[in-house]
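The values are calculated or read from the model by the stated rules, or taken from the named source; none is laboratory data. In this text, all values refer to a predicted model and were calculated from it rather than measured experimentally. Cβ coordinates were reconstructed from backbone atoms using ideal geometry, including for glycine residues, and neighbour counts include every protein chain displayed. For the accessible areas, the whole protein counts, side chains as well, though only heavy atoms, and no ligand, DNA or RNA atoms are used. Shrake-Rupley method; radii C 1.70, N 1.55, O 1.52, S 1.80 Å.
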Amino acid sequence: MTTLFAFVALIIAVLAYSNAKAGERNLAAALRTIRDLSNQLAAMSANLQALRKQLGLPEETTPTPEPVVAAPATVSQMATATVPGEVVARPAAPPPPPPPKKAPARGRNLEEAFTSRWLVWLGALAIALAGTFFVRYAIDHGFLGPVARVTLGFLGGIALALAGEWLRRRPLQRAIAAVRTNQVPPSLTAAGLFTAFVSIYAAYALYNLLSPLAAFMGLALVALLGIALSLLHGRFVAFMGLFGAFAAPAMIDTPNPSAWSLFAYLLVVEAACLAVARYRSWWTFAFATLAGAAAWPFLWLLDTPTHAADVPPLGVYLLLSVSAFFALRRGMPEPETQANWTDEFQGFRMPEWVVWVAACTIAVVLYIVVEAADYNAAGMIFVALTAMLYLVMARRYAILVSLCVVAALLALLVVISMPVPEIAVVHSAFRDTSWIPAKLQYFAVVNIVFGALFGIFGFGALWGSHRPALWAGVSAAMPVLLLVNAYYRVNAFGVDISWALLALALAVIALIAAGRVERYRAARGLEITLAFYAAAVVALVSLAAAMSVRQAWLTVALSLQVPALALIHTRVRSRSLQIMAAILVFTVLLRLAFNYNILNYPLDSGPATSWVIYGYGIPAISFLWAARIFRPLDGEWLASFLEAAGFVFCVLLVSLEIRLFVTGSLATPRYE
């Protein structure tokens, strides 16, 4: 059976080779015909020049200009202009328009592609399979020893690769490449590299002729050679070299794998692939490089039992990897920025998409690495460094300004999923003898570092940026979100004056930032920027009020932010403020209209003075008041939503008060 396969493969190879040679002969004949036609054209041009001399006309050395169409002359003008005995050269009639070109038939294109491209690659595959089956046949019949088998296979592969390069340099092949893509040299080179790669792996895996280190070095060198030769032989050789380079470490079994050695090698491969992608503008090749680079951290985490010690090499690898992708844009012209943020996404070119997708992918991989390492200090350091790099690149390249949002989401996701000691959840955050309990110091430091990083960098980056509102949103929102997360995770929304003082301190900082922006609002167009900082002040003051009281006061504080945002909207027209107000209304509805746990809230007084009065009355008044403010300001949809929410709270207020008057409790199932 093996002999039959080898025979069939050999026949296919011979047919493909003969087809390629026939194509070469046809092209050579076409070139000879073109050369003969050129000689005939030159002879006709010489005869035309001689005829012009006989007629006494000047020689035509430059192309004649386009004739100017003049008004038709009268008969008398033609008579006076004509001299008897003089030969008048009449203008030649314009040549007929060329016939329309017929579109080539689809069947003809398919036939040409099959004969000129597919059969060539099929022939290369047949050559590789023929060599493989020949070695297999020799093994089965004991013709060659292990050393001779792998040596002949490796030398045969090198010979095929050299033959492909030699064929590429032939003048006839260069002429073919000038007309269309020449598939013969890259197919031979690819077959040779594949044969050499398989021979090295067979020497290691089948016959134990090579040590793991020697086998890995051989596989890596062949793969990197393929990536280098792709500059001459095309994209297919590049993809084959990329696959071999990233697969080589998985094919070698080492007793004590080293993360530093592995990821240093992967960085070299990644840099080589990205250099080729940048030089040849092969952006799909860059995406394939990203896939290989992002897959190896997962493979390493699945194969190793402990992950805390792996964070430094993995962190360095991911940080340098995303830096390499950022370097792809170096030297490229900056595209024009659009007025709308979404329009910039639609106007992304392939380099921008490569960088943006790489940044998002590596952020996700880094989060998984940090989570696998139980959020240790090394992981947090690399998260902070990566976030800082994203912020710098977002400020450096205007087209990549959205990376500041990616960095903020990465830091926020890490902090939200970060574990908090159980003992700290029961007690207040600041009721220990020290200002911050020892068990909470690590969690507190992480929140402070991330809050300061985004708050300070965002405020500094908005000055001179083409999107100051985006930087202001990140700068104002991150401290508020981090505070809410910490307040819930540590104190479970309990009453604590210490948390209220912390919220007021952050509100003062946001107010100072708002005052600074207000000073240059008109000159630099910072209206929306001012709105974000003003909204942060309102949110922090409301949180401070909610942290100081119990039960429904947290929701009441949220509802009071809605008319405050409406008043800000009267000074600064921004759709972002309307969206923030709608989110707050929806949050209050979820907490007081769809939360069945409120029926179990304790009642400290009678129906006339219970928390139901202010818990539902204040949100109803706030929403109806805010609706009156938003309606004249192009906020019809928001005003309708606010009025509907206000009426819902009025109905709930009346219904719950009737229940309290009749039953004396909110949890009573029936009116009895």
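Of Cys650, Cys273, the residue with the largest accessible area leads and the full order is Cys650, Cys273 (1.4 Å probe). Extending 7 Å from Cα along the Cβ direction at Ala214 and again at Thr254 yields two label points whose distance is 1.7 nm. Extending 7 Å from Cα along the Cβ direction at Trp166 and again at Ala291 yields two label points whose distance is 3.6 nm. For Leu666 and Ile456, the difference between the fully extended length at 0.36 nm per residue and the C-alpha to C-alpha distance is 70.9 nm.
Would you work out if the stretch 432-537 is rounded, prolate or oblate? Take a ≥ b ≥ c from the square roots of the eigenvalues of the alpha-carbon gyration tensor; rounded if a/c is under 1.5, else prolate when a/b is larger than b/c, oblate otherwise. Prolate. Across Leu385, Leu642, Leu262, the residue with the most accessible area heads the list, and the full order at a 1.4 Å probe is Leu385, Leu262, Leu642. For Val415, Val541, Val420, the ranking by accessible surface with the largest value first comes to Val541, Val420, Val415, using a 1.4 Å probe. Annotation: peptides 252-259, 613-620, ranked by per-residue average of other Cβ atoms within 10 Å with the highest first, follow the order 613-620, 252-259. Annotation: Met217 carries an accessible surface of approximately 100 Å², with a 1.4 Å probe and no ligand, DNA or RNA atoms counted. Could you let me know the centre-to-centre spacing of the stretch 303-375 and the stretch 441-489, using Cα atoms, in angstrom? Spelled out, the Cα-based centre of one part sits 20 Å from the other.
Modelled this way, with points 7 Å down the Cα-to-C-beta line, the labels at Phe348 and Thr151 are 5.4 nm from one another. Here the stretch 358-507 is treated with +1 on each Lys and Arg Cβ and -1 on each Asp and Glu Cβ, and its dipole about the Cα centre works out to around 400 debye.
In this calculation the C-beta distance from Trp463 to Glu334 is compared with R0 = 22 Å, giving a FRET efficiency of 0.70. Here is the list for the stretch 302-394: GluC sites (Glu not before Pro) lying in DSSP coil, each with at most 16 other C-beta atoms within 10 angstrom of its C-beta, are Glu336. Once all protein chains are placed together, Trp553 keeps about 90 Å² accessible to a 1.4 angstrom probe. Taken about its Cα centre, the stretch 235-383 carries a charge dipole of about 520 debye when Lys and Arg each add +1 at the Cβ and Asp and Glu each add -1 at the Cβ.
Each other residue within a Cβ distance under 12 Å of Ala639 adds +1 if Lys or Arg and -1 if Asp or Glu, for a net charge of -1.
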